[in-house]
1. Restrict the check to region 87-97 and report whether at least one residue is open to solvent by less than 30 Å² (accessible area, probe 1.4 Å) and hydroxyl-bearing (Ser, Thr, Tyr).
2. Under the condition of being in contact with a helix residue (DSSP H, G or I) (Cβ under 8 Å, 6 or more places away or on another chain), in a helix (DSSP H, G or I) and open to solvent by 20 Å² or more (accessible area, probe 1.4 Å), which residue from region 386-405 is nearest to Glu74 (Cα to Cα)?
3. Out of all the residues in region 117-133, which are without any contact (Cβ under 8 Å) to a residue 24 or more places away in the chain and assigned to a helix (DSSP H, G or I)?
4. Is it true that some residue in region 152-167 is open to solvent by less than 20 Å² (accessible area, probe 1.4 Å), at pLDDT 90 or above, within 19 Å of Ser312 (Cβ to Cβ) and among the β-branched types (Val, Ile, Thr)?
5. Which ones in region 212-237 are open to solvent by 30 Å² or more (accessible area, probe 1.4 Å) and within 27 Å of Phe414 (Cα to Cα)?
6. With the condition kept exactly as written, say whether any residue in region 177-199 is buried (at least 23 other Cβ atoms within 10 Å of the Cβ), of a type outside the set (Gly, Ala, Ser) and out of contact with any Lys or Arg (no Cβ under 9 Å at 6 or more places or on another chain).
7. Failed condition for Gly208, given (1) buried (at least 16 other Cβ atoms within 10 Å of the Cβ); (2) at pLDDT 90 or above, with all others met?
8. Determine, yes or no, whether Trp322 is farther than 30 Å from Ala126 by Cβ, buried (at least 17 other Cβ atoms within 10 Å of the Cβ) and of a type in the set (Phe, Trp, Tyr).
Amino acid sequence: MRDKTPLQPLPSIDPDESLEKVKRWQLIGPGLVVAATGVGAADMVATLTAGSRYGYTLLWAVIAGTIMKIVLVEGAGRYSLASGRTIFEGWRSLGRWTSWYFGPYILIWGFVYGATAMSSSALPLAALFPILPLWAWAILMGLIGFVIVWAGRYAVIEKITAAMVGIMFLVMVGLAIITLPNIPQMLTGLIPVIPQGGVVYTLALAGGVGGTITLAAYGYWLREKGWHQPRWMRVMQLDNTVAYTVTGIFVLAMLVVGAEVLYSAGYAISAGDKGLLDLDRVLRDRYGDVIGIAFLVGFWAASFSSVVGVWSGVSLMFADYWGNIRKKPSGHPDTRNGGKYFKFYLLWLTFPPMLLLLLDRPVFLILLYGVLGALFMPFLAVTLLGLLNTSRTPKRWRNGVFTNAVLVVCAVLFIILGVYQMWDTVSDIFS
């Protein structure tokens with residue numbers, strides 16, 4: 001007989017308790033933050049370019065990529081909840097080599113990505129309000145993100161990110177709808193086909209969109225949310241699935257816009273974030289200024305959510321990393337949100353990268369960034385296989401056959417994509 005007692009507060013949720021007893025919208029949080037943070041301007045350009053070149057042919061790759069991200073992020077969250085340890089503590093248990101890779105990577109990545117994220121957020125604002133140069137808008141975006149994360153608690157970060165997700169989702173899905181997508185042709189894209197010359201785009205769309213270091217930050221946001229025990233496992237899994245389903249729909253909408261607006265008319269967009277400004281001009285020509293402005297607002301929301309998310313999540317990762325190196329006990333205040341290690345990395349993400357906004361690309365730094373960044377996703381997939389199939393994770397929460405199969409596919413895919421990205425980076429530098 002169904003229990004008729006009143007709903008209990010969320011902390012009482014047990015992994016075996018029916019989620020029907022809980023208002024599901026109250027459970028969505030960290031997954032939305034990690035999903036929104038992972039999708040930025042570069043991902044939008046990659047998806048638009050794929051749509052503009054191949055129409056709906058790579059729709060299946062979007063779906064495959066969404067499934068892979070759900071499995072990867074769920075694995076990171078499951079390890080943290082089941083073991084009570086952070087993902088970096090898990091990595092250290094696999095050997096010192098993880099620290100030798102992760103330490104240089106997170107410092108170089110933060111320095112270069114800080115400038116990239118600020119510039120991406122500034123581009124639509126500079127187009128909408130040309131009263132300031134691009135570099136000034138970029139610095140302003142960095143400072144706003146810095147103040148929000150420095151002063152705000154996790155709940156503030158979550159609310160701001162949710163608002164950004166709402167804006168970018170409504171704008172991009174709305175754009176996809178007004179383009180009147182060809183549904184029968186779209187359905188043909190569900191058949192796995194790699195178009196001639198499209199191997200790289202296929203790999204990038206399936207593996208790269210929404211895939212960054214922030215996937216591994218999920219466990220830290222779970223802890224900040226207060227979900228830090230196995231009883232939150234099913235809640236975490238629902239949170240993650242809903243968040244990446246929303247992200248998958250967003251990426252699908254971008255593919256539709258690329259296919260219907262660019263591919264059908266034979267338009268090509270520029271490489272890099274400025275390709276989104278090309279799309280703005282095309283949308284204004286076809287649908288009017290209001291639609292163009294709405295797109296720029298969605299562009300800004302997608303980019304600024306990455307600023308806030310990275311400033312928060314990767315700072316938490318660095319704080320935990322440095323606390324481990326300094327042999328601080330797990331959960332020490334210095335390693336938590338607002339601690340001195342957290343604040344150091346927040347400063348590192350914000351102010352030194354501003355120099356890159358005023359300088360030409362530093363060749364050696366860009367080279368290191370490209371090489372180390374290309375290795376992170378295979379690093380995450382391989383280490384999750386090691387953590388979730390051994391005694392490092394309680395037996396109840398270890399991987400099943402399907403999860404292992406997806407992680408193996410992820411590892412192989414990301415290694416191939418990583419090798420290509422490293423080659424592309426080296427070729428770009430020396431050409």
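1. no
2. Once the filter is applied, the top-ranked residue is Thr403.
3. Matches in region 117-133: Ala122, Ala126.
4. For region 152-167, residues open to solvent by less than 20 Å² (accessible area, probe 1.4 Å), at pLDDT 90 or above, within 19 Å of Ser312 (Cβ to Cβ) and among the β-branched types (Val, Ile, Thr): present.
5. Correct list: Thr212, Gln237.
6. no
7. (2)
8. For Trp322, the condition - farther than 30 Å from Ala126 by Cβ, buried (at least 17 other Cβ atoms within 10 Å of the Cβ) and of a type in the set (Phe, Trp, Tyr) - is met.
The values are calculated or read from the model by the stated rules, or taken from the named source; none is laboratory data. Since this is a predicted model, take the numbers as computed values, not measurements. When we count neighbours, we look across all protein chains shown, and the Cβ atoms used for this are built from the backbone with ideal geometry, even at glycine. What goes into the accessible areas is simple: the full protein's heavy atoms, side chains included, and nothing from ligands, DNA or RNA. Shrake-Rupley method; radii C 1.70, N 1.55, O 1.52, S 1.80 Å.
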